[in-house]
Structure formats: structure tokens, C-alpha cells
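What follows is a short report on a single structure.
The values are calculated or read from the model by the stated rules, or taken from the named source; none is laboratory data. Quick caveat, the model's predicted, so the values are computed rather than measured. Cβ sites come from the backbone with ideal geometry, for glycine too, and all protein chains shown count toward neighbours. The accessibility values were calculated without ligands, DNA or RNA, using every heavy atom of the protein model including side chains. Shrake-Rupley method; radii C 1.70, N 1.55, O 1.52, S 1.80 Å.
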Amino acid sequence: METAIAFIIIFGSIVFFHELGHFIFAKKAGIMVREFAIGMGPKIFGMTKGETLYTIRLLPIGGYVRMAGEDMDSVELQPGFRLGIHVNNDNEIDLIALNQNKQFPDMLFLEVEKADLTNEMFIEGYDEEERFVRYKIARNARINENSNETFIAPYDRQFGSKTVGQRSMAIFAGPLFNFILAFFIFLILGLLQGVPTYEPVITTVVADGPAAQAGMKDGDLVTKINGSPISTWDELSEEVKVSPNQKMGFTVDRKGETLEFSMIPKEVTSGKEKLGQIGVQYVSPLEKNPIKAVAFGAEQTYDWTKRIFTLLGSLITGKFSIDDLSGPVGIYKATEEVAQYGVFNLMHWAAILSINLGIMNLLPLPALDGGRLLFFLFEAVRGKPVDKQKEGMVHFVGIMLLMVLMVVVTWNDIQRFFF
């Protein structure tokens, strides 16, 4: 149960921030957002606020922000269609009832002759007394069909009416917010846990190793090797690795006292390499510093982004196969393992997952944010958009392929963890 709760909180938070990026920049561009959904599949909770329906859906495998004009969500009123309307004090239609069985106070009935619900926003037709009438449609008008109400989206509130830059930013903002979320998680970890200083401080001296035989002790700070100053553990480690069976001099600060030690790293074999070891262990000291915590958040976000891109490169070059990929089941099992080591490790894991989701969505594949951005790039270069039907077909094929991939990796996860 704890694992399930942790998984839902982590995955839900990552998806929430991803969709929040889409939502904020869509609203900033003036695009009507019809629905903000966390999860996929059947709705288990819904709340309407303003013009947006906020929902939580059954399957915790994603989410979406449905913008006006993205899907075929507009209503076309054909000549001869009979409907009910409500007119406000400005003599504009603020409610259109497609189902005439639904009665509203002061409802009027029209037989449509001509209508435009997006550009000029009017309805012409014949009322109950066979008089020809024309009504303007209010910009905040609603359509009611079988007790379900949606707002009419004027063309300037639709996704397709915006510039390439505005549409691109509304799509790019999702992955962007995943990187921002990761940065803030790492920042919080730096503030709460402290930031590794990476100072070359010996945490543990292994008994009978070269360092122990030379007289080194736990807590010694190495300041020089062979007379050359060092400031990080990585520098110390690299110097030792490349010096097997070679005499080395260490200058150490021990509680303010400067000491000199001499030792010969023993040779160990790692693969085809011969490496030096002096028999010490290291855990980086932590420092609580708000300024360094900010730098730590940025560095960790950059480092993990680079690592994930490297792994993607390995997948492309064949060093990894599709069998090495994990889906929701694999992520759940990994979350279960990480949860055993405390909340800070879970936060670190959440940050890595957030970066991973951001990168995956930026891949230039159909149906993903990166695929849509690629079409916007084509539009910017060509000076005109790609045919909507062709683009829709490409994305549809992409969705089908992604679903197949999801099934494959999920089956691999099930075999790996349960059989």
C-alpha cells in the first residue's frame, strides 16, 4: 500500500506539472482549455471551474490538456436544424440547447437557416412564428446537449488561430515544466539534506591497506598529492587510479595539523585496466548553503539530462535493446525498491523520472510533444501549415505504435518481475 501511494503521488505529481506547463502557456496565449486531466480512461472525479473541466481519470498512465480547436470539438449547425436558445439582456445568445426536450426559462426555438459559431458568431433562422431572425452569439455562450454543457470557442480562442510561436510554446511548456520540477526537487534536497562538497576527506581507512599502513586515519583531508594541490575527491581518485605500484606522497590536514605520508598504491585489475588503490572509502561531506543548493539543483538537472540522453544514444546504437526498457510496471517496482531507503531517495527518484518524462516527450516522434513541435517547424519553414488530415493521420499511427511499444515493455516487465 505504501508503494502504491508513493507511486501515485510521484507519477501524479510529474504528470500534473507536465500538464500544468501546457495549461499555463495555453491560457497565456488566450487559448480556451476545455479539460485538464490527470490520468487516462474513465473519469472518477470532475469539477468545472470557469471554462475548464478538471478531471482525475482511472488509469495513472498520463494526462492531457484538451485545448479548443485541437480536436474536432466544434459544432456545425446545418440548415433545417431545430434548437432552443436563450438570449441575454444584450440580445445575444448565451445558451444553445441542441436537445429541445430540455426546457430552460425564457427559451426560444429556432429553425436554423445559417450559422457561424466560431468566426462571425451568429445564427439566422425562423422562430416559432415563422419570422426570419438573426442573433449574435455571446463570446461566453454555452452549448447544452443531453445535460452536458461546453463553451463555444470563438476562433481567436482556438489553438489553430495562434502564431507558430505561441502554439510551439504551449506544447514545449509541458516538457519544460518537467525539467523545472526536477530542478526544484534537487534544490529542496540540497536545502534539507545539504550539498555534497566533494572535498577529498577520507571517510574510512580500510585495515591493512596502503593508507592504513602509512598512518592515515578517518577524517584526514588530503590537500596535496606529490606536491600538487588538489581540491576534490575526483582529483584524488584519478591520481591514485593511474599510479599503481608507484610511490606517492600525500599532504594531509588532520584537525589543523599538516602531516606527510608516503605509500605505494596496490595494483588491481578492472576489466582490461590496471588501476591503483590505497584502501580508503569516501562519502562526500554535506554542507547546508542556500546558494550552493541552487547551483546543486541546476547541476543535478543538467547531469541527469545528459545521462539519459547518453542512454538513449546507447539504445539507438544497439548497446541496449527494447528488452531493457521499462514501462509503468517497471517504474512501480523501482519505486518499491527506492521507497525502502527513505523519502529523500524517493524525491531524488521523482526528479529523475520527471527529467526522463520531459526528454521522452521531446523526442521527434508522432503523437509526442516533440513530434508536434516538428510539424510546427515544418510550418515555419514552409510558411504554411501541414494539411490537418495528413498530420492527424501521422499522429494516429504514432499513437498506435506507442501503444504497441507500451504493451511490449509492460509484458517484458511482467516477465522480468513476476516470472
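Brief remarks follow.
- For the chain, built as a Gaussian network whose Cα springs stay under 10 Å, the top-fluctuating residue of 396, 184, 344: 396
- For residue 289 and residue 3, a Förster radius of 51 Å and the Cβ-Cβ distance give a FRET efficiency of 0.90, rounded to the nearest 0.05.
- Rel. contact order, % - alpha carbon contacts under 8 angstrom, at least six apart, region 73-172: 24
- Percent of Cα pairs exceeding the 29 Å cut-off, where the set is the chain: 63
- Kirkwood Rh in Å, taken over all unlike Cα pairs in region 378-419: 12.7
- Working from Cα pairs under 8 Å separated by at least six residues, relative contact order for region 306-393 is 12 percent.
- Euclidean distance between Cα centres, region 64-82 to region 277-305, Å: 53
- The long axis of helix 388-418 is offset from the longest Cα principal axis of the chain by roughly 40 degrees.
- For region 212-226 and region 146-187, distance of Cα centres in Å: 56
- Paramagnetic label reach from residue 163 (point 7 Å along Cα→Cβ; backbone nitrogen cut-off under 17 Å): within region 15-29, residues 25-29.
- Reachable aspartates and glutamates, given that their alpha-carbon falls under 14 Å from the alpha-carbon of residue 306 and they are not under 8 places away in the same chain: none
- Per residue value of the accessible surface for the chain (all protein chains in place, 1.4 Å probe), Å²: 57
- Relative contact order for the chain, counting Cα pairs under 8 Å that sit 6 or more residues apart, in percent: 14
- Ordering of 139-145, 251-257 by packing is 139-145, 251-257, highest average first (other Cβ atoms within 10 Å, averaged per residue).
- Under 13 Å of direct C-alpha separation, and excluding same-chain neighbours fewer than eight residues apart, residue 241 reaches these aspartates and glutamates: 267, 273.
- Coordinate range along principal axes, alpha carbons of region 164-297, Å, largest first: 66, 40, 26
- Violating pairs (Cα-Cα greater than 28 angstrom) within the set 28/333; 27/136; 114/384; 292/333: 28/333; 114/384; 292/333
- For the chain, the fraction of 1.4 Å probe accessible surface lying on carbon and sulfur atoms is 59 percent.
- Cα long-axis angle, helix 369-382 against the chain (0 to 90 degrees, to the nearest 10): 70
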